[in-house]
Amino acid sequence: MKVITAIKDMHAEILKQKGLGKTIGFVPTMGFLHEGHLTLLKQARKENDIVVLSIFVNPLQFGPNEDFSTYPRDFERDLALAEAEKVDYVFYPSVEEMYPHKPSVKAVVQERTDVLCGESRPGHFDGVATVLTKLFNIMTPTRAYFGKKDAQQVAVIHGLIADFNFPIELIAVDIVREADGLAKSSRNVNLLPVERQQAAVLYRSLQKAKTAIDLGERNPESLINMIKEMISSESTGQIDYVETLSYPQLKPLEKLESTIIIALAVNFSKVRLIDNFIIQID
């Protein structure tokens, strides 16, 4: 496994491997790897000749009052985990390497951002799209791997790849969960012990909504109210949103049909958690 910090060196290595006819599987992360990330790496390893992991905490996607400075980081641990997953390259650039000067051009996401996390985090997905445009150009991967936990991000990246004609296959991988159903996240370590116990209600509320759908419920408002009531009664978390939308278009629904997403975000004292179910309705 080789660690690379310079863009020109990373690009040169990719060009060399592609010149040998190798396929490239790319897993972009902000580090502090957990089982969800490792699942992406395992799938990339199965499907590609070369696996590249990037670790970069991207300042462009953090708002002024968000947790860029406190976002968990442990590079040595990340390296050990990457090596265990047989990663070929770890791209670990500094902020100065990725943004040597104030960007003269940034990506602006026009669709799929006025709901869910995008509504309360203006500019967040512009930052995501900008850094991924840079990383996609550096890596020119065959396939790029993302977790469905941030389903809005997957939807935005789907649009980015299509609109900018990147010759990349987007692979969306199922959410990896703790034993009690809580979605794995680097931010989970910032939950207080009592909050960690309460946080399992997010998954249980989604399960309850899924059961209601299976039993014939098709009213979005009924499901939203059901989820909100359960979270409010069983946790101290403050609900940011609960929404039901078409997927991946992320448009409002009067009636549940076709492919939908039920998504939520809840703020605890030091961390904001998200989760979702994507459901196909016959």
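The C-alpha atoms of segment 186-281 occupy a region whose extents along the principal axes are 38, 24, 16 Å, arranged from largest to smallest. Based on C-alpha pairs under 8 angstrom that are at least 6 apart in sequence, the chain has a relative contact order of 17 percent. Relative contact order of segment 186-281, taken over Cα pairs closer than 8 Å and 6 or more residues apart, is 29 percent. At each listed q (0.09, 0.17 Å⁻¹), what is the log10 of I(q)/I(0) that the Debye formula gives for segment 111-232 modelled as equal alpha-carbon point scatterers? For segment 111-232, the Cα-only Debye profile gives -0.35, -1.06. Against the chain, whose longest principal axis is taken from its Cα atoms, helix 35-47 shows a tilt of about 50°.
With the Cα gyration tensor of the chain in hand, convert its eigenvalues to equivalent ellipsoid semi-axes via √(5λ) and list them largest first in whole Å.
Taking √(5λ) for each eigenvalue gives 33, 20, 18 Å, largest first.
Helix 220-234 and the longest principal axis of the Cα set of the chain meet at an angle near 90°. Between LYS255 and GLU217, full extension at 0.36 nm per residue minus the direct alpha carbon distance yields a gain of 12.7 nm. When you work out D = kT/(6 pi eta Rh) for segment 2-52 at 20 °C and 1.002 mPa s, using the Kirkwood radius from C-alpha pairs as Rh and the Stokes-Einstein form, the result is 180 µm²/s.
So for segment 41-199, what percent of the C-alpha to C-alpha distances run longer than 18 Å? Can you show the working numbers first?
Working: 8355 of 12561 pairs.
Result for the distance tail: 67 percent.
Short to long, the 5 Å bins of the Cα pair-distance histogram for segment 102-157 hold 4, 18, 27, 25, 16, 8, 1 percent of all pairs. In this structure, SER69 and ASP49 have a Cβ-Cβ separation that, at R0 = 35 Å, corresponds to a calculated FRET efficiency of about 0.40.
Among residues other than THR211 with Cβ under 13 Å from its Cβ, the summed charge is +1 (Lys and Arg +1, Asp and Glu -1). Amide H contacts for VAL3 (H built 1.01 Å from N in the peptide plane; partners 5 or more residues away or on another chain; cut-off under 5 Å): VAL90.
Based on the convex hull around the alpha carbon atoms, segment 7-98 presents an average projected area of 6.4 nm².
Computed from the coordinates by the stated procedures, all read-outs in this text should not be read as laboratory data. All values reported here derive from a predicted model rather than from experimental measurement. Every residue, glycine as well, gets a Cβ built from its backbone with ideal geometry; the counts of neighbours run over all protein chains shown.
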